[in-house]
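What follows is a set of notes on a single structure, which appears directly below.
The values are calculated or read from the model by the stated rules, or taken from the named source; none is laboratory data. Note that the coordinates shown come from a computational prediction; the quantities given were computed from them, not determined experimentally. Neighbour counts run over all protein chains shown; Cβ positions are idealised from the backbone, glycine included.
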Amino acid sequence: MSLQLIVDDPAVILRSWPHEPLRFRRDPAEFGRWLTLAEVDTLIDAGCLAMRNVVLLKDGRVSEKWEYADPDDPTMPRCGAVREHIKAGGSVSLRELEHLKPSVADLYRALCRETGYGVHINAYLTPPGCQGLKYHFDPYVTLILQIHGRKTWPVHPPFVANPVQEYGSFHLIGFTPEQRHYLAHTPPAATFTLAPGDVLWLPRGYVHSPYTEGSETSLHITVAFKERTYHWAAERLAEDILRRALADPEMREELPPHLVTLDTLPVVEQARDYLIGALLSLDPETAVKYLQRSALVL
């Protein structure tokens, strides 16, 4: 089980998914199987990273792609641009590590299989005394695996309960003025300073603003689990019901012309009655098998 390489008591975690930050400790040398600072330097300086693999960050701002893309080949960063960004105090996010390193690909596949969730694995390099992203939150649980240097994570409880990518995500709603005032004037509920070998379990929604601690460059891997929700289950069942509705000739009947100018109540009532009837007649065993098949598609 690959999860046991990262957390304590993986069987307990899989049985009762944690909803508060947790810290674990591992042998720092174990993380070298997945990534090292020397490997990151080689990837950057050898020009091995395509634009899809690189996001540049500094002081809470995400750089626009055009700022560092090669004008002659927009699929690649401009020669030396990523290293220049680091020397200027910027952070680098390496995306889709599972497509760059076989060892990370093995970890990715194992974690997908063990949890049944979608997974993505990125890395973040931040120079000493610098910060990439400032306060924000993610719509999925993240595991932070500290590889090199030290990074401090001030953490506040969620403003949004159970955010997902499509609803309540920070990238969609940001912070209100009141929330920004709160973050500026309220000490974090917890602060975690991670050294090599430390792992931080950060549930979705928890607000954080990590920064490098000390005189060394910080490098960590982020493993994100794209959790399935009850909304996901409802979507899958609704999709199945609507797919089967196509086989019903009455559901394929045309609606009257100029529907918006007519009494639409009978249309609503018929559609509602069909959906209620389909849900009430839903065979639980068949529905379970359908959800299980859907869950295999990551």
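Key figures
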| read-out | value |
| --- | --- |
| Matching residues in the range 59-101 - criterion: being of a type in the set (Lys, Arg) and part of a helix (DSSP H, G or I) | LYS65, ARG83, LYS87 |
| Residue selected from the range 188-214 under the condition aliphatic (A, V, I, L, M) and out of contact with any Lys or Arg (no Cβ under 7 Å at 6 or more places or on another chain), by the criterion surrounded by the most Cβ atoms within 10 Å (Cβ to Cβ) | LEU202 |
| Members of the range 102-126 that are in contact with a strand residue (DSSP E or B) (Cβ under 7 Å, 6 or more places away or on another chain) and not in a helix (DSSP H, G or I) | TYR117, GLY118, VAL119, HIS120, ILE121, ASN122, ALA123, TYR124, LEU125, THR126 |
| Residue list for the range 245-287, restricted to those being under 30 Å from CYS112 (Cα atoms) and either in contact (Cβ under 8 Å) with a residue 60 or more places away in the chain or surrounded by 12 or more Cβ atoms within 10 Å (Cβ to Cβ) (or both) | LEU282, ALA287 |
| Matching option when the condition is surrounded by 14 or more Cβ atoms within 10 Å (Cβ to Cβ), of a type in the set (Ser, Thr, Tyr) and more than 30 Å from LEU57 (Cβ to Cβ), among TYR230, TYR290 | TYR290 |
| Subset of the range 149-187 that is buried (at least 17 other Cβ atoms within 10 Å of the Cβ) and without any contact (Cβ under 8 Å) to a residue 40 or more places away in the chain - its residue that is farthest from GLY60 (Cα to Cα) | GLY168 |
| Check on LYS151, basic (Lys, Arg), in the same structural domain as THR217 (by TED's automatic domain parsing) and assigned to a loop (DSSP other than H, G, I, E, B) | no |
| Members of the range 160-192 found to be in contact with a helix residue (DSSP H, G or I) (Cβ under 8 Å, 6 or more places away or on another chain) and at pLDDT 95 or above, listed by number | VAL160, PRO163, PHE175 |
